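Each remark here refers to the structure printed beneath this line.
The values are calculated or read from the model by the stated rules, or taken from the named source; none is laboratory data. Since the structure is predicted, the reported quantities are computational estimates derived from the model, not experimental observations. All Cβ positions, even for glycine, are placed from backbone atoms using ideal geometry, and neighbour counts span all protein chains on display. Side chains are part of the model used for accessible areas, which takes the heavy atoms of the whole protein and leaves out ligands, DNA and RNA. Shrake-Rupley method; radii C 1.70, N 1.55, O 1.52, S 1.80 Å.
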Amino acid sequence: MKTTILTDIEGTTSSISFVRDVLFPYARAALPDFVREHGDDPNVRHWLDIVAVESGGLCQDAMIVETLQGWIDQDRKHTALKALQGLIWEAGYRDGDFTAPLYPDVVPALRAWHDAGHPLAVYSSGSVPAQKLLFSHTDAGDLVPLFRGFFDTEIGHKRDADSYRLIADRLDRSPGDILFLSDVVEELDAARDAGMRTVLLDRLEDYPQPRLDEAANGHLRVESFADIVL
């Protein structure tokens, strides 16, 4: 049976700087107008109400926006924030304000794995809609058709082994038949605890100090998708 490849995005397929320096500031600046214009949309209201309740019963949208902007500044991995960011980024991609750059080694590897019959899937803290937006608007074109599944934190925290067990179940695969790619050692630890194989992406652009020996915590370390042997 062909190995299924499950990949992270930020720091793995795309530079951390794209998310930090392009996507996050774009969403932060757009939030006030977006909430003002779309706050009555049921899908938007759902997420705003979750933020309001979890923040002590905020009653004004302006306060919710300030809370969300604070979460962006903290890089908080909250499902409501990720969902709202995804909705905002959709407009940015659609209007051509940006495309998603991928590392040059990523697209050839993804296409080669797909053509060889290896199922591909994504697991990222960004919402599933945001993941699909990114991969449908890359600087190499629309890559969404390459993937069989997309998973976000609604399935569970990325540092929780149970999340990876659930993903394996959703993909109808044994964890041992799945290879998880990430730049975060703690995520790889959780995937390994669930029985998955793991590879640490240690890209010099994102991690100038190589994570060797104990820093890799036993995970196979590579600097490029081209170095991954299935």
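Data overview
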| quantity | calculated |
| --- | --- |
| Failed item in (1) within 24 Å of Arg159 (Cβ to Cβ); (2) buried (at least 17 other Cβ atoms within 10 Å of the Cβ), with Leu48 passing the rest | (1) |
| Odd one out for Asp139 among (1) open to solvent by 20 Å² or more (accessible area, probe 1.4 Å); (2) modelled with pLDDT of 95 or more; (3) within 22 Å of Glu223 (Cα to Cα) | (2) |
| Only one of Arg221, Arg159 that is within 15 Å of the chain's Cα centre (by Cα), outside the structural domain of Asp75 (by TED's automatic domain parsing) and open to solvent by 40 Å² or more (accessible area, probe 1.4 Å) | Arg159 |
| From Ala168, Ala121, residue being over 30 Å from Pro25 (Cβ atoms), aliphatic (A, V, I, L, M) and touching a helix residue (DSSP H, G or I) at 6+ places or on another chain (Cβ under 9 Å) | Ala168 |
| Some residue of segment 187-204 being open to solvent by 50 Å² or more (accessible area, probe 1.4 Å), in contact with a helix residue (DSSP H, G or I) (Cβ under 9 Å, 6 or more places away or on another chain), outside any strand (DSSP E or B) and without any contact (Cβ under 8 Å) to a residue 12 or more places away in the chain | no |
| Matching residues, segment 109-123, being out of contact with any Phe, Trp or Tyr (no Cβ under 8 Å at 6 or more places or on another chain) and either closer than 15 Å to Val19 by Cα or in contact (Cβ under 8 Å) with a residue 12 or more places away in the chain (or both) | Arg111, Trp113, His114, Ala116, Gly117, His118, Pro119 |
| Filter result for Val144 (within 14 Å of Glu90 (Cβ to Cβ), of a type outside the set (Phe, Trp, Tyr), under 18 Å from the mean Cα position of the chain (by Cα) and surrounded by fewer than 17 Cβ atoms within 10 Å (Cβ to Cβ)) | yes |
| Residues within segment 166-220 that are more than 20 Å from Gly149 (Cα to Cα) and of a type in the set (A, V, I, L, M, F, W, C), tallied | 9 |
| Count of segment 29-64 residues which are among the small types (Gly, Ala, Ser) and either farther than 16 Å from Leu81 by Cα or part of a loop (DSSP other than H, G, I, E, B) (or both) | 4 |
| Exclusive hit being in contact (Cβ under 8 Å) with a residue 24 or more places away in the chain and either open to solvent by less than 10 Å² (accessible area, probe 1.4 Å) or under 14 Å from Phe135 (Cβ atoms) (or both), set Gln85, Gln69 | Gln85 |
| All positions within segment 205-230 that are assigned to a helix (DSSP H, G or I), within 21 Å of Pro108 (Cβ to Cβ) and of a type in the set (Asp, Glu) | Asp227 |
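Residues are listed down the side, and each one gets a yes or a no for (1) closer than 24 Å to Arg211 by Cβ; (2) at pLDDT below 95:
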{"residue": "Pro108", "(1), (2)": "no, no"}
{"residue": "Ser125", "(1), (2)": "yes, yes"}
{"residue": "Val128", "(1), (2)": "no, yes"}
{"residue": "Pro145", "(1), (2)": "no, no"}
{"residue": "Phe150", "(1), (2)": "no, no"}
{"residue": "Asp160", "(1), (2)": "yes, no"}
{"residue": "Leu171", "(1), (2)": "no, no"}
{"residue": "Leu181", "(1), (2)": "yes, no"}
{"residue": "Ala191", "(1), (2)": "yes, no"}
